[in-house]
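These notes are about the structure you will find just below.
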Amino acid sequence: MEEKKTVKDFIIGTAGHVDHGKTQLVKALTGTDTDRLAEEKRRGITIELGFAHLTFADGSGAAIIDVPGHERFIKNMLAGAGGIDYALLVVAADEGVMPQTREHLGILTLLGIQHGMTVITKTDLVDKEWLEEVKLDVGRLIKDTFLAAGPMLTVSALTGRGVGELKDRLQKELSSLEPRPPRGPFRLPVDRVFSMEGFGTVVTGTLIQGSVREGQQAMIYPEGTPFRVRGLQVNNRPAEEAWAGQRVAVNLAGVKKDRLERGQVLAAPGFLESSLMLDVRLKVLPDSRRIIESGSRLHFYHGSRVALCKAVLLDRPSLAPGESCYAQLRLQEPIAAKRGDPFVVRFYSPVDTIGGGRILEPCAQKHKAGDPRVLAGLAVKEGGSHKERLFQYCEEKGGQLAEKEEAARRLELSSAEVEQLAGELLAEGRIYSLAQGIWLSARAYESLFRGLKRLLEEYHAAEPLSPGLSREIARQKLFGRKAAPQAADKQEKALGESLFKLMTEQGLIRQEGRLLALEEFRPTYTRRRQAIREELLALYREKGLEAPWLEELYAAKGKEEEDYRQVLEAMLAQGELVRVDSRMVISRQAYETAKQAAAGAFRQQSRLTLADFRDLWGTSRKYALALLEFWDGQKITKKTGEARVLTGSLE
């Protein structure tokens with residue numbers, strides 16, 4: 001039973017020149033004519049993708065995708081080729097190797113297909129000697145390709161000779177392959193969209209990753225539009241679940257056909273990100289007649305999607321046949337891809353296949369050619385370990401938070417795997433943990449600390465009496481925002497607070513309420529300012545609750561107003577004075593005495609009027625009212641009618 005299931009989970013794909021018998025071969029194997037369009041019947045050639053199900057003698061089977069062979073329909077061929085697990089390169093015995101034979105083989109190679117066989121068809125049209133010459137020619141073509149290790153069979157779809165042997169060999173070949181992982185988030189490049197009466201909108205494609213169930217939520221990318229999976233069919237039969245390696249029809253709820261098209265991707269919500277730039281390993285086919293120059297416009301093929309792009313070569317000015325390099329593809333429209341996905345590029349005009357490669361970074365930032373750090377980073381993404389790739393991810397986040405769930409999604413690892421790898425990087429001192437599952441690279445942390453240290457040094461030099469810089473202002477300046485601090489985004493605030501906390505724990509800075517200071521900093525007074533401080537202490541101790549309003553104090557000082565202002569602010573920050581409101585400041589001693597007296601009075605009676613407080617403190621009504629309104633704001637007291645009650649603590 002397990003072997004049967006394994007065989008069912010594969011996609012066989014045809015490839016080869018036009019009119020070499022691919023469709024007739026599929027019909028001989030399955031009984032299905034995959035040319036469904038009237039134009040295909042009229043012209044006698046395949047234009048669109050065709051689909052059939054191959055059933056083996058034991059009841060197991062596999063899906064077959066029949067692709068067009070004509071050069072004008074290569075884009076349609078590419079739309080179906082991305083999901084192929086096993087390739088059948090079809091060559092007609094009467095014509096031998098032709099241009100699209102070579103082009104299709106190049107495409108299969110670029111897409112990373114590793115298993116397949118060569119089938120020489122129409123053997124009824126040639127004699128034995130000619131057939132042997134064709135076999136030698138085909139052998140030379142496939143010599144250095146993945147097909148060299150596979151069988152080469154000869155058949156005639158017309159007479160049926162060799163068809164049974166081909167079918168048996170296919171079953172044997174497929175049963176030895178490792179199936180795609182069936183579980184996890186699903187991904188299905190859409191290659192067909194249509195409506196069915198009574199069902200609504202249906203999309204079809206090859207499920208290249210994960211599994212999908214009836215009723216679950218799905219999303220169309222790159223648009224990011226959510227839908228619900230109303231129903232599924234696998235091999236034209238209703239199914240509750242489909243898994244990777246199957247041809248699937250998905251009935252989507254709540255969407256009209258005109259909102260969907262070939263080239264989109266149906267996938268699990270949040271599984272993909274859309275991007276206009278891709279970092280890639282780009283290579284030119286050895287037999288290409290063209291080179292790729294940096295800045296060349298190309299046709300880009302990924303899954304079932306086609307887009308125009310500009311290729312920026314990152315380590316050389318041009319790429320010759322047989323060569324490869326790191327490149328950035330800048331697309332004219334967004335796509336949704338994953339790291340490791342294969343792609344094909346074709347020359348802009350005239351359109352012919354010249355190369356392809358693998359996607360290394362599906363959501364790239366714009367790079368300059370020749371940047372050694374960019375090239376080193378791409379080398380890690382191409383061949384680095386999971387740990388090195390996680391470190392690279394943290395490095396690329398720069399001054400932004402690296403989060404566990406995003407890292408797991410980008411690196412296609414489980415949360416537990418990411419956490420384990422992060423633990424190793426933490427132990428090595430290469431990243432810092434700012435909170436559970438939130439990290440910052442050591443380089444970014446040190447850069448931010450240097451920036452904060454410079455900010456605090458400049459502030460302490462300019463304000464030697466101030467105990468510290470406001471956290472909000474520090475964060476605003478550190479991250480270079482021009483907007484008001486309250487407009488800072490959520491992540492910036494979280495990063496700033498986590499950063500300040502970690503630096504405090506490490507003894508690099510000191511926090512006092514909402515203020516930040518370097519650990520070694522202490523407010524310092526010049527001789528003149530020390531004299532001002534002693535003068536103010538004496539004044540406020542003498543006046544008690546009836547100290548002069550601030551505007552009166554500053555107005556009396558004339559040219560020395562700024563010195564008095566700075567000393568007074570320092571005394572407030574150090575707790576020597578207490579700010580009651582924007583006009584009134586009193587000494588700490590007067591404040592504590594007033595509190596103790598009020599606490600004793602409240603123990604005697606629960607409600608006290610303004611007149612009671614005025615008499616209790618021996619002051620005028622305006623000073624008593626200012627202090628009571630301060631306490632109301634602190635929720636120590638509450639006004640009810642003409643009296644106040646105690647709602648907080650005065651102890």
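The values are calculated or read from the model by the stated rules, or taken from the named source; none is laboratory data. This is a predicted model, so every value here is computed, not measured. We place every Cβ from the backbone using ideal geometry, glycine too, and count neighbours over all the protein chains shown. These area figures cover heavy atoms from the full protein model, side chains too; ligands, DNA and RNA do not enter into them. Shrake-Rupley method; radii C 1.70, N 1.55, O 1.52, S 1.80 Å.
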* Q264 being open to solvent by 20 Å² or more (accessible area, probe 1.4 Å) and at pLDDT 90 or above -> no
* In the list D168, D144, which residue meets the criterion of being open to solvent by 40 Å² or more (accessible area, probe 1.4 Å) and either in a helix (DSSP H, G or I) or in contact with a Pro (Cβ under 7 Å, 6 or more places away or on another chain) (or both)? -> D168
* To do: Could you please give the count of residues in region 369-397 that are farther than 17 Å from L421 by Cβ and surrounded by fewer than 19 Cβ atoms within 10 Å (Cβ to Cβ)?
  => 9
* Looking only at residues in region 572-603 that are in a helix (DSSP H, G or I) and at pLDDT below 90, which one is least open to solvent (accessible area, probe 1.4 Å)? -> L572
* Asked: Looking only at region 174-206, which residues are in a loop (DSSP other than H, G, I, E, B) and either modelled with pLDDT of 90 or more or small (G, A, S) (or both)?
  -> S176, G184, F186, G198
* Any hit, region 548-558, residues being within 30 Å of E403 (Cα to Cα) and either among the hydroxyl-bearing types (S, T, Y) or more than 56 Å from the chain's Cα centre (by Cα) (or both) -> no
* Residue list for region 229-250, restricted to those being in contact with a Lys or Arg (Cβ under 6 Å, 6 or more places away or on another chain) and either modelled with pLDDT of 95 or more or buried (at least 19 other Cβ atoms within 10 Å of the Cβ) (or both) -> A244, G245
* Asked: For D127, which of the numbered conditions (1) surrounded by fewer than 18 Cβ atoms within 10 Å (Cβ to Cβ); (2) touching a residue at least 24 places away in the same chain (Cβ under 8 Å) fails to hold?
  -> (2)
* Asked: Which members of region 91-107 meet the condition of being farther than 18 Å from A149 by Cβ and hydrophobic (A, V, I, L, M, F, W, C)?
  -> A92, A93, V97, M98, I107
* open to solvent by 40 Å² or more (accessible area, probe 1.4 Å), in contact (Cβ under 8 Å) with a residue 40 or more places away in the chain and of a type in the set (G, A, S) - does that describe any residue in region 445-464? -> yes
* Asked: What are the residue pairs meeting all of these: first residue in region 551-579, first residue farther than 19 Å from K595 by Cβ and of a type in the set (F, W, Y), second residue modelled with pLDDT of 85 or more and open to solvent by 20 Å² or more (accessible area, probe 1.4 Å), Cβ atoms under 6 Å, and 6 or more apart or on different chains?
  -> Y554/E561; Y564/K557
* Taking region 306-331, which residues are assigned to a strand (DSSP E or B), at pLDDT 95 or above and farther than 17 Å from E361 by Cα? -> L308, S318, L319
* To do: Scan region 446-482 for residues that are in a helix (DSSP H, G or I), out of contact with any Lys or Arg (no Cβ under 6 Å at 6 or more places or on another chain) and of a type in the set (D, E, K, R) and report the count.
  => 9
* To do: Identify all residues within region 507-526 that are at pLDDT below 85 and not hydrophobic (A, V, I, L, M, F, W, C); write none if there are none.
  => E512, G513, R514, R522, P523, T524, Y525, T526
* Asked: Would you call K122 surrounded by 20 or more Cβ atoms within 10 Å (Cβ to Cβ) and more than 30 Å from F343 (Cα to Cα)?
  -> yes
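Determine whether F630 is assigned to a helix (DSSP H, G or I), surrounded by fewer than 20 Cβ atoms within 10 Å (Cβ to Cβ) and among the aromatic types (F, W, Y). I'd like the intermediate steps shown before the answer.
Numbers: assigned to a helix (DSSP H, G or I): yes; surrounded by fewer than 20 Cβ atoms within 10 Å (Cβ to Cβ): yes; among the aromatic types (F, W, Y): yes.
Spelling it out, F630 is indeed assigned to a helix (DSSP H, G or I), surrounded by fewer than 20 Cβ atoms within 10 Å (Cβ to Cβ) and among the aromatic types (F, W, Y).
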* Asked: Going through region 628-642 one residue at a time, which ones are touching a helix residue (DSSP H, G or I) at 6+ places or on another chain (Cβ under 8 Å), over 15 Å from Y591 (Cβ atoms) and not basic (K, R)?
  -> E642
* To do: Quick one: count up the residues across region 604-627 that are hydroxyl-bearing (S, T, Y) and surrounded by fewer than 17 Cβ atoms within 10 Å (Cβ to Cβ).
  => 3
* Asked: What's the number of the condition E569 fails, among (1) exposed (fewer than 13 other Cβ atoms within 10 Å of the Cβ); (2) assigned to a helix (DSSP H, G or I); (3) modelled with pLDDT under 90?
  -> (1)
* Residue pairs meeting the criteria (Cβ under 7 Å; at least 6 apart or on separate chains; first free of Cβ contacts under 8 Å to residues at least 40 places away in the same chain, in region 617-629; second surrounded by fewer than 19 Cβ atoms within 10 Å (Cβ to Cβ)) -> R621/L610; R621/R614; L625/L610; L628/L610
* Structure fact -> Apart from one, (1) at positive phi; (2) in contact with a Leu (Cβ under 8 Å, 6 or more places away or on another chain) all hold for G437; the odd one out is (2)
* Which ones in region 84-111 are within 23 Å of I354 (Cα to Cα) and open to solvent by 30 Å² or more (accessible area, probe 1.4 Å)? -> M98, P99, R102, T109
* Structure fact -> Sole miss for E214 among (1) more than 21 Å from I11 (Cα to Cα); (2) open to solvent by less than 80 Å² (accessible area, probe 1.4 Å) is condition (2)
* To do: Could you pull out every one of the helices (runs of 4 or more DSSP H) wholly within region 332-411 that has 1 or more residues that are within 20 Å of L314 (Cβ to Cβ) and of a type in the set (A, V, I, L, M, F, W, C)?
  => 372-383
* Structure fact -> The correct count of residues that are part of a loop (DSSP other than H, G, I, E, B) and either of a type in the set (G, A, S) or open to solvent by 70 Å² or more (accessible area, probe 1.4 Å) (or both) in region 270-298 is 8
* Asked: Got a number for residues in region 336-355 being surrounded by 22 or more Cβ atoms within 10 Å (Cβ to Cβ) and farther than 18 Å from I107 by Cβ?
  -> 1
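If we scan region 534-544, do we find a residue that is aliphatic (A, V, I, L, M), assigned to a helix (DSSP H, G or I), open to solvent by 50 Å² or more (accessible area, probe 1.4 Å) and at pLDDT below 90?
Quick first cut of region 534-544, residues aliphatic (A, V, I, L, M) only: 536-539.
Filter once more, keeping what is assigned to a helix (DSSP H, G or I): 536-539.
Those still in the list that are open to solvent by 50 Å² or more (accessible area, probe 1.4 Å) too: 538.
From the residues that got through so far, the ones that are at pLDDT below 90 too are none.
For region 534-544, residues aliphatic (A, V, I, L, M), assigned to a helix (DSSP H, G or I), open to solvent by 50 Å² or more (accessible area, probe 1.4 Å) and at pLDDT below 90: absent.
Could we say that A57 is modelled with pLDDT of 65 or more and closer than 20 Å to G245 by Cα here?
Values: modelled with pLDDT of 65 or more: yes; closer than 20 Å to G245 by Cα: no.
Spelling it out, it is not the case that A57 is modelled with pLDDT of 65 or more and closer than 20 Å to G245 by Cα.
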* Structure fact -> Residues in region 256-269 that are closer than 22 Å to P185 by Cβ and not in a loop (DSSP other than H, G, I, E, B) total 3
